[in-house]
Amino acid sequence: MTIVRSSFFRRQPWCRGRFPRLYSTKVPDNAPRAADNEQWLETLRHTTPAKQGRQRPGHGNGQTDLFEVPLGNVTSINYLQRYNKHKHSQGNFVDVRIVKCRSGVGGSGAVSFFRDAGRSIGPPDGGDGGAGGSIYVQAVAGLGSLAKMKTTYIGDDGEAGAARQLDGVNGKDILIQVPVGTVVKWCLPPQKVRELVEKELWKDQGATLRSILASKTVTLNSPSGSNGKTIQLYRQEMAESWLFKDKSKEYHDTKDWFKILHKKMEAYDHSLKQSEIFHDRFPLSGLDLEQPMSKPVCLLKGGKGGLGNMHFLTNVIRNPRFSKPGRNGLEQYFLFELKSIADLGLIGLPNAGKSTILNKISNAKPKIGHWQFTTLNPTIGTVSSGFGQDVFTVADIPGIIEGASLDKGMGLEFLRHIERSKGWVFVLNLANEDPLNELLLLIDEVGGLEKVKTKNVLIVCNKADIDFENSKSLAKYLQVEQFSKGQEWDCLPISALKEENIEVLKQKLLQCARQTHDDK
Ligand SMILES: Nc1nc2c(ncn2[C@@H]2O[C@H](COP(=O)(O)OP(=O)(O)OP(=O)(O)O)[C@@H](O)[C@H]2O)c(=O)[nH]1
């Protein structure tokens, strides 16, 4: 076991700078004095603990409110569906994960008494337990998928304290590194969600997963004053508040000096709980890690280590045969969703030629095929419109079909990859019967005209090489162009296959990626 020096004295303002010599064979000349401990315990007496255990503390006044949220807000429909549908999609690309995280339990304080040749039992010298390992998350550049994430992350428990005032080693923290653009949300265990969904399905055979997630609600705790924007997490209560050695709990419970000490230590436990409650909160909307982070953020804090018996030597208690156990860690589930960050997103029906376009304008090599749904995962390409010119990124997502918003085809689950995009590029197929109608359908499926108008929009009519001259495609193009003009959107005919109008397309894409709403 690795051990480190007690840090208790470092924490005490009146004892700063005085440390025990490691492995000294003499009684450490700065062993915790009874007077110091008395003084510390006296300060605790003035902190009145609220009713221990029964309290449900909150934002600052120790209160929480209950609030209801739709089940869909604390799980992922994409995750649940993927287990039924295309779980193993193209390559290694994984963009939704639900993982279990558990922070470590704090190590126990030690019960020990100084011994050497000259004396068989000396003053108490049991050190503190180490803190449990915490779980951290950090967005880093260069990662593009959540495929390498584990299903469970467990922080190490802190080690117990030892003789000679030595603290146990802190449990190792866990660092989860994720791609930039990942959103981390608190969620219910998937197993629990499945049970709830099955129950609802049993009650109403006609219900769908989507309708259940929207209508069924769950009750959560939120610190008072946070208006339901923050979730309060709770640690499991400690089974015992003391660890006894040699003499039992029953023995100690009969002693007045222990009862007095216990009362004072209730205030200490209360302050620990308060600080846990302050830390153990998570925003309901999640953490949006849209920038590379120089420092990780803590998802779950490990439990604090327990106090060793050296802290309980007083003028009355000469042989404290007890110490404090470490505090519990937290176990929670988190939903990790990758929302790619691309300046532009290509939206179109299957087979419109989106992948071919991305292939021609960028370094990306998405799959191209004459069958539908060749693209199963988003691909992001970097486009440069010339030497020294601005560079921007374009995301190709799987084709959207009628009813996609009701989970038909690949559904809309990949739309999140272009949610953050500044511009949406609608790709239409001029070889199809009615491209204008297809544009209206696409607008409808992605959320309606109002939503689309929050983005910069470019309409690209692809496959203009087919029948364009003999006016069949031209007529279709003119219809689309007229509609686009009405919305003040640019419209452009191209042939991705024959690389016609590709340079103009690149310029228009650049404009679309950089234009601000004030420029319009
Ligand atoms: N004639 C012609 N064919 C094209 C053009 N662009 C793409 N294609 C063909 O259209 C078919 C579909 O192209 P993709 O680029 O895979 O289409 P997609 O929109 O990515 O399709 P999904 O992956 O299903 O969403 C392929 O056979 C392409 O060769 C074009 O400008 N003219």
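The values are calculated or read from the model by the stated rules, or taken from the named source; none is laboratory data. It should be emphasised that the depicted structure is a prediction, and the values quoted were computed from it without experimental measurement. All Cβ positions, glycine included, derive from the backbone under ideal geometry; neighbour counts span all protein chains shown. Side chains included, ligands, DNA and RNA excluded: accessible areas come from the protein's heavy atoms. Shrake-Rupley method; radii C 1.70, N 1.55, O 1.52, S 1.80 Å.
For this structure, a couple of remarks:
- Karplus-derived HN-Hα couplings along the range 143-157 (A = 6.51, B = -1.76, C = 1.60, θ = phi - 60°), whole Hz, x at Gly and Pro: 9, x, 7, 9, 4, 7, 5, 7, 8, 9, 10, 10, x, 5, 6
- The listed peptides 163-175, 144-156, ordered by packing as a protection proxy, come out as 163-175, 144-156 (highest mean of other Cβ atoms within 10 Å first).
- Shape class for the range 451-504, computed from the alpha carbon gyration tensor (a ≥ b ≥ c): oblate, with a/c not under 1.5 and a/b at or below b/c.
- Sequence-distant residues sharing a close amide H with A163 (under 5 Å, placed H): G127
- Listed peptides 260-267, 245-252, 414-421 by packing density, highest first (mean Cβ within 10 Å): 414-421, 260-267, 245-252
- In this simple spin-label approximation, H279 and K229 carry label points 7 Å from Cα along the Cα→Cβ vector, and these lie 2.4 nm apart.
- In this entry, the range 255-299 is assigned a mean projected area of 4.8 nm², taken as a quarter of its C-alpha convex hull surface.
- In terms of packing, defined here as the mean over residues of other Cβ atoms within 10 angstrom, the peptides 198-210, 455-467 line up highest first as 455-467, 198-210.
- Rounded to the nearest Hz, the phi-derived 3J(HN,Hα) couplings of the range 427-438 under the Karplus curve 6.51 cos²θ - 1.76 cosθ + 1.60 (θ = phi - 60°) are 9, 10, 10, 5, 6, 7, 4, 9, x, 5, 4, 5, where x marks glycine and proline.
- Estimated FRET transfer efficiency (T152, E250; beta-carbon r; R0 30 Å; 0.05): 0.15
- Hz values of 3J(HN,Hα) by residue in the range 343-351 - Karplus curve (6.51, -1.76, 1.60), Gly and Pro given as x: 5, 10, x, 8, 10, x, 5, x, 6
- W257 - accessible surface, heavy atoms, 1.4 Å probe, Å² rounded to 10: 80
- The range 447-462 and the range 311-360 have Cα centres spaced 34 Å apart.
- Charge tally for E331 (other residues, Cβ to Cβ under 10 Å; Lys, Arg +1; Asp, Glu -1): +3.
- For V178, the residues whose modelled amide H falls within less than 5 Å of its own, excluding neighbours fewer than 5 places apart on the same chain, are Q138, A139, V140.
- Interchain or long-range residues, amide H under 5 Å from I400's placed H: G348, L349
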